[in-house]
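Asker: Input: one structure, supplied below.
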Amino acid sequence: MSAREAADAWLSLGGNLGPVERHFGLALDTLHAHDAISVEDVSGLYRTPPWGDADQPPFLNAVARVATALDPHALLRVLLCTESGLGRHRHGSRRWGPRTLDLDLLLFGNQRSADETLVLPHPRLHERAFVLVPLLERCPGLHIPGIGGAEHCLVPLDQSEIEPVAGPDWWQP
């Protein structure tokens with residue numbers, strides 16, 4: 001993959017079942033081994049309270065920046081396949097319930113789009129401190145297309161229970 005073919009995309013990683021850090025590492029290894037994806041940057045790991053469905057264990061969360069020659073829909077398919085390959089089952093009754101691994105496509109360059117399978121930027125990115133904290137760790141001053149500054153989005157959100165548990169060197173390619 002040449003640099004001029006590549007687009008930058010930001011992904012979130014989350015999970016609260018099983019060996020989550022191991023799942024994250026395997027997911028990043030899988031993505032990095034793909035011939036059209038290179039993992040360029042990874043945040044530290046954060047322990048965070050559950051969001052949307054509070055009756056479950058805390059989560060681990062992180063973000064990663066990838067360079068990819070794939071279009072956004074193809075990248076999303078790779079993310080979903082990676083989740084599935086690592087034991088994620090998306091057919092439960094709890095939308096924001098417990099999971100072994102969750103990979104979300106947050107941003108793809110400065111693209112804004114919406115269709116039945118993908119919305120960019122991620123539609124709840126600006127409402128989730130568990131994503132914004134690690135994202136701002138790696139990309140201070142980030143602008144979310146159509147929303148504004150990520151730092152501004154984070155101000156009204158509760159960050160009190162977000163705890164760093166490992167620095168960005170927890171994963172190495």
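The values are calculated or read from the model by the stated rules, or taken from the named source; none is laboratory data. Owing to the predicted nature of the structure, the values given are computational and were not obtained by experimental measurement. Please note: Cβ atoms are built from the backbone with ideal geometry, for glycine as well, and neighbour counts cover all protein chains shown. Each accessible area value is taken on the protein alone, full model and side chains, heavy atoms only, with ligands, DNA and RNA left out. Shrake-Rupley method; radii C 1.70, N 1.55, O 1.52, S 1.80 Å.
Asker: Just one of the numbered conditions (1) of a type outside the set (Ser, Thr, Tyr); (2) modelled with pLDDT of 95 or more; (3) more than 21 Å from Asp169 (Cα to Cα) is not true of Glu5; which one?
Answerer: With respect to (1) of a type outside the set (Ser, Thr, Tyr); (2) modelled with pLDDT of 95 or more; (3) more than 21 Å from Asp169 (Cα to Cα), Glu5 is out only on (2).
Asker: Could you grab me the full set of residues in the range 97-146 that are modelled with pLDDT of 95 or more and β-branched (Val, Ile, Thr)?
Answerer: Val119, Val131, Val133, Ile144
Asker: Could I ask something else about it? Would you tally the residues in the range 61-89 being open to solvent by 20 Å² or more (accessible area, probe 1.4 Å), small (Gly, Ala, Ser) and under 25 Å from Leu17 (Cβ atoms)?
Answerer: 3
Asker: Take Arg77 and tell me if it is outside any strand (DSSP E or B) and either among the basic types (Lys, Arg) or closer than 21 Å to Leu125 by Cα (or both).
Answerer: So Arg77 fits the description; yes.
Asker: Any idea which residue in the range 127-149 is least open to solvent (accessible area, probe 1.4 Å), counting only those that are β-branched (Val, Ile, Thr) and part of a helix (DSSP H, G or I)?
Answerer: My answer is Val131.
Asker: Which count do you get for residues in the range 29-56 that are under 19 Å from Ala166 (Cβ atoms) and either among the charged types (D, E, K, R) or not in a helix (DSSP H, G or I) (or both)?
Answerer: Of the residues in the range 29-56, 12 are under 19 Å from Ala166 (Cβ atoms) and either among the charged types (D, E, K, R) or not in a helix (DSSP H, G or I) (or both).
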